[in-house]
Amino acid sequence: MTTLLFIAAAYLLGSLSFAVIVSRAMHLPDPRQYGSGNPGATNMLRSGRKTAAVLTLLGDASKGWIAVVLARALAPQFGLDDGIVLLCALAVFIGHLFPVFFGFKGGKGVATALGVLVGLNPWLGLACLLTWLLMAGVFRISSLAAVTTAVLAPVYAGLLMGWGRTAIAVLVIALLLVYRHKRNLINLVNGKEGRIGVRS
């Protein structure tokens, strides 16, 4: 029962879609109704409000980090092993993708995944962040940077933390993230994918 409560709490935390919350607080259009339709930081840039995009990024990343860090800190007090940390990492990420508070229509998970990875291992998070920044800086395409980083994330996890349960959990997150970018991959192949900072 305690394990289920941990997982449920992480999922509910993940279900807080900061793109929608920030848009409502700042009286901006719903990010699900313009641009790519994705409630995430990149699409929020298309609103022309960088502050909104930054707040969305920080909010989505923070909830991933908080879920992992809290699970690790509280698990021993409830007699749970480190496996609960990985389950909470998956739960908060899935919550972001399929938020119960917003009709199960969430974002693609890039910022939340980053927060989760930083929580699991700061060096893992840093490696993924640098990969994303490099790809985004060179190609100016957020989805390409995200997919490339997702492909490499399990490799980084294995090299830094061993090829065990953590690497498997990161692989699951990576596969879900790539799946959520399937439409972007089609647009990339067709040369129709939007670029970072371009309003739509």
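Just so you know, all these numbers are worked out from the coordinates, no wet-lab data involved. Keep in mind the model is a prediction, meaning the values are calculated, not measured. Cβ sites come from the backbone with ideal geometry, for glycine too, and all protein chains shown count toward neighbours.
A few remarks follow.
- A full extension of the chain between Ala8 and Leu185 corresponds to an added length of 60.6 nm, given 0.36 nm per residue minus the alpha carbon distance.
- Our helix-only sum for the chain, with -39,500 (n - 2.57) per DSSP H run of n ≥ 4 divided by its residues, gives a mean residue ellipticity at 222 nm of -22500 deg cm²/dmol.
- Computed label-point distance, nm, for sites Val172 and Tyr34 using a 7 Å Cα→Cβ extension: 3.7
- Using alpha-carbon coordinates, inclination of helix 83-97 to the longest axis of the chain, degrees: 20
- With a threshold of 22 Å on the Cα-Cα distance, the over-threshold entries among Lys63/Lys108; Lys63/Lys182; Lys50/Lys182; Lys63/Lys192 are Lys63/Lys182; Lys50/Lys182; Lys63/Lys192.
- The long axis of helix 142-161 is offset from the longest Cα principal axis of the chain by roughly 20 degrees.
- Estimated FRET transfer efficiency when R0 is 22 angstrom, pair Lys50-Leu134 (beta carbons, to 0.05): 0.55
- Subtracting the Cα-Cα distance of Arg24 and Leu58 from 0.36 nm times their residue separation leaves 10.6 nm of extension gain.
- Candidates Ala146, Ala169, Ala113, ranked by Gaussian network fluctuation over the chain, Cα under 10 Å, top entry: Ala169
- Label-point gap, in nm, between Trp163 and Ala73 - each point 7 angstrom along Cα→Cβ: 3.5
- Segment Met1..Phe104, full-extension length gain: 34.7 nm, with 0.36 nm per residue of separation and the alpha-carbon distance subtracted.
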